[in-house]
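**Student:** Before I ask anything, here is the structure I am working with.
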Amino acid sequence: MLLMTILPTTFFRKTVVLACLAAINVFLAQPILAQTAKGAKSMHAYFRGKTKPIRELSIKPAMSEERRDKREAYLPPNFINFERPKKTNPNALPLNGDPLRQKHAGGRNGFVVEPTVVIEGISEAQVDVGVPDTNGDVGPDSYIEIVNASWFQVFAKDGTAITAPISTNTLWNDVGETSFGDPVIQYDEAADRWLMTDLANFDKTLYALSETNDPLGAWNIYTLTTPSFADYPKYGIWPTAYILTINEGDVYPIYALNRAQMLAGAASVDVQRVELPAISGGGFPTATPFDWNGTMTPATDDVFVARINDDGWGAAQDIIEVGTIHIDWANTSNTAITSTEIPTAPFDSDGCATSGFGYECVPQPNTPQGIDGIMTIIMNRVYYRNFGDHESAVMTFSVNAGTSTDIVAGVRWVELRRLPGGNWTLYQEGTFSPNDGGHRFTGAIAMNANGDIALAYCISGDNIYPGLRYTGRRAGDPLGEMTVEEYEFAPGGGVREGDRYGDYASMSVDQFDDSFWFTSEYVKPDNTYGTKIVNFSLRRDTFDIGPTALVKPQNSPSLTAAEPVTITVKNFGLAPATNIKVGYVFENGNAVSEPATIASLAPDSVYTHTFGTTVDMSVVVSYKFKVFATFPEDQYIGNDTIRQVRKRLPRFDAAVTNL
């Protein structure tokens, strides 16, 4: 790993070399360059007062018509000072379609997950705002959805509406502030408090922090003034800071607000600001923050952001760039941001199938009007979780899953992992784009404490009205694949008459049962938008086991003609597993099958088995293994088999031949 100290505004891009292997749709690539820029600008956010409990306040109107007209008159189109980048590299990869495209809709083994509850959220008819920017989060007892300009609504987890839509001005007006739009709601699990944000005008961001976990209680209000318009804000919660990334037109800052001070109700909150450089040749340079979830704190106080860089814009290859920000609250000159480039499988970040201004690119039925697919940026949020033996971060962004002549918008999803003391690396990735005429875009992703991943998104097409669907995978499923049968919980019924279609969607995990909550928009038959909130669980089966690793043999130049085979098997189910059989197939030969040497395997336990039959790996070639585990009651066979490749490596030997 190369570390260099450079000026904060120095361009981070460097030529990099791709070294990756493709196995089961997983590209094993290591980060190969890191650079560090030191120094941050010191700023402050200020306490504006504590509101009365919302239940005691009179509900205020939303943005006035005059203020809304002003906002629409001066608010630039998505995104400020950013145009759809042109491809400058005619040889950019992929050349013949996305190499990771999953053309089937999941559910190879009939794994269907139906919603626990589907809620009709805030609609255009209720708030009279054309672009909802829908997002939300789940707390101990309720779910809060929030939409643009600016309204929120509180629901019980069974779908019952606890409140009608409430203007955020109900909070802001109580301390003399007013909403301007782009609201976001997040639940801070560790603090057990809600965080609501909004814009007060072009350069002032509003923060509201609930006094308790009761969303209808009192809130502390803070304001942060930025040098210019806070376009396309993205937020992340971290133990040390509340993170904000925005697009200020010509610069791309990351703001860290001292979380401990805000939670304590300090009159002045320390804020540090660092900048990312632009992306040469195109691409939306704003990064998306990592957002901490789960009971285990991150392995470091450093915070993280991520963005993509496409070789079509002139980069050496397609990468995810992870920014690591070390914050020194006592001395801003010690604050540093390190940029690490992680190669991925090739992707085309422009999934525009229709012509139009900017990203008016996702087709709709019976109209030439495309809708904005929000390309070139990692979507809300990068979902982070610490499992102890590793950290995971999952993210998603829109791509062209088709070819240059048959463009199909699909969702690329990625899981990065970091081992203790190590760097972020690519663990698995895939592109979900079933071959059904649908364009999938504006996705959101999350991972629960079991390691299960849920992915949801908008869908539209020449014969598909804009609607909402989800899929997912369980932790033991084949890497790089969404195995849950795609489920449409919000079918569309009309078309949008303009290009804008909202900038956000939101996926959350309920910390109390590990279920998933998602919200976004769809189009109703009258061509207005509605929003839906869905809750679903990737439930653990009562009986479910599967192999987790081929422990031996490993790649080596010392492999012999009698190599032992060792595997591990995990009980993913809720009940003990008995009468377990394990086996392997070597080089497509006859299966070797043996009973496990234990009578029972407890839930979440791992069993290690070494077979009595060895394999011949004495020749310097690659060898294919298929490893399996079964027992009579197994209810899910999708994770019963893994495939691995092992190599006997050549020896390198030198000798003195002459003196």
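**Student:** Answer yes if at least one residue in segment 164-172 is touching a residue at least 12 places away in the same chain (Cβ under 8 Å), open to solvent by 10 Å² or more (accessible area, probe 1.4 Å), more than 15 Å from A62 (Cα to Cα) and not in a strand (DSSP E or B), and no otherwise.
**Tutor:** Taking every residue of segment 164-172 in turn, none turns out to be touching a residue at least 12 places away in the same chain (Cβ under 8 Å), open to solvent by 10 Å² or more (accessible area, probe 1.4 Å), more than 15 Å from A62 (Cα to Cα) and not in a strand (DSSP E or B).
**Student:** Take the residues in segment 106-156 that are part of a loop (DSSP other than H, G, I, E, B) and among the charged types (D, E, K, R); name whichever of them is farthest from N169 (Cα to Cα).
**Tutor:** Going through the qualifying residues, I end up with R108.
**Student:** For segment 441-460, does any single residue satisfy the condition of being open to solvent by 20 Å² or more (accessible area, probe 1.4 Å), over 27 Å from W292 (Cβ atoms) and in contact (Cβ under 8 Å) with a residue 12 or more places away in the chain?
**Tutor:** Scanning segment 441-460, I find no residue that is open to solvent by 20 Å² or more (accessible area, probe 1.4 Å), over 27 Å from W292 (Cβ atoms) and in contact (Cβ under 8 Å) with a residue 12 or more places away in the chain, so the answer is no.
**Student:** While we're on this one: Cβ contacts < 7 Å: first residue closer than 17 Å to A575 by Cα, restricted to segment 592-608; second residue exposed (fewer than 15 other Cβ atoms within 10 Å of the Cβ) and among the acidic types (D, E), any location; separation 6+ or different chain. Result?
**Tutor:** Hits for this filter: zero, empty list.
**Student:** Give the residues of segment 495-530 that are at pLDDT 95 or above, under 30 Å from R474 (Cβ atoms) and open to solvent by less than 10 Å² (accessible area, probe 1.4 Å), sorted by residue number.
**Tutor:** If the condition is that a residue be at pLDDT 95 or above, under 30 Å from R474 (Cβ atoms) and open to solvent by less than 10 Å² (accessible area, probe 1.4 Å), then A505, S506, M507, S508, V509, F516, W517, F518, T519, S520, E521 are the ones that fit.
**Student:** When you check V534 against the structure, is it open to solvent by less than 20 Å² (accessible area, probe 1.4 Å) and either among the hydroxyl-bearing types (S, T, Y) or in contact with a Ser or Thr (Cβ under 9 Å, 6 or more places away or on another chain) (or both), yes or no?
**Tutor:** Yes; evaluated as a whole, the condition is true for this residue.
**Student:** Within segment 544-554, can you find the residues that are assigned to a loop (DSSP other than H, G, I, E, B) and either open to solvent by 60 Å² or more (accessible area, probe 1.4 Å) or of a type in the set (K, R) (or both)?
**Tutor:** Result: Q554, single match.
**Student:** To continue, here is another question. Tell me which residues, restricted to segment 143-155, are modelled with pLDDT of 95 or more and open to solvent by less than 30 Å² (accessible area, probe 1.4 Å).
**Tutor:** Once the filter is applied, which keeps residues that are modelled with pLDDT of 95 or more and open to solvent by less than 30 Å² (accessible area, probe 1.4 Å), segment 143-155 yields Y143, I144, E145, I146, V147, F152, Q153, V154, F155.
**Student:** Looking at segment 92-106, I want the residues that are modelled with pLDDT under 90 and have a partner that is surrounded by fewer than 19 Cβ atoms within 10 Å (Cβ to Cβ) and not in a loop (DSSP other than H, G, I, E, B) with Cβ atoms under 7 Å, at least 6 apart or on another chain. Which pairs are those?
**Tutor:** The qualifying pairs do not exist here.
**Student:** Right, another one. Would it be correct to say that N148 is more than 25 Å from the chain's Cα centre (by Cα), among the polar types (S, T, N, Q) and closer than 30 Å to V399 by Cβ?
**Tutor:** The answer is no for N148.
**Student:** A follow-up question, please. Of the numbered conditions (1) under 30 Å from F111 (Cβ atoms); (2) out of contact with any Asp or Glu (no Cβ under 7 Å at 6 or more places or on another chain); (3) at pLDDT 90 or above; (4) open to solvent by 10 Å² or more (accessible area, probe 1.4 Å), P557 satisfies every one except a single condition; which is it?
**Tutor:** (1)
**Student:** Which residue out of I80, I54, I122 is at pLDDT below 95 and β-branched (V, I, T)?
**Tutor:** Unique residue meeting the criteria: I80.
**Student:** I need the full set of residues from segment 187-230 which are surrounded by 24 or more Cβ atoms within 10 Å (Cβ to Cβ), farther than 18 Å from G49 by Cβ and modelled with pLDDT of 95 or more, in order please.
**Tutor:** Y187, P215
**Student:** Do we have G589 as open to solvent by less than 60 Å² (accessible area, probe 1.4 Å) and part of a loop (DSSP other than H, G, I, E, B) here?
**Tutor:** Yes: the conditions hold for G589.
The values are calculated or read from the model by the stated rules, or taken from the named source; none is laboratory data. All figures in this text were calculated on a predicted structure; none of them were measured in a lab. With ideal geometry, Cβ positions are generated from the backbone for all residues, glycine too; neighbour counts draw on all protein chains shown. The area values use the complete protein model at the heavy-atom level, side chains included, leaving out ligands, DNA and RNA. Shrake-Rupley method; radii C 1.70, N 1.55, O 1.52, S 1.80 Å.
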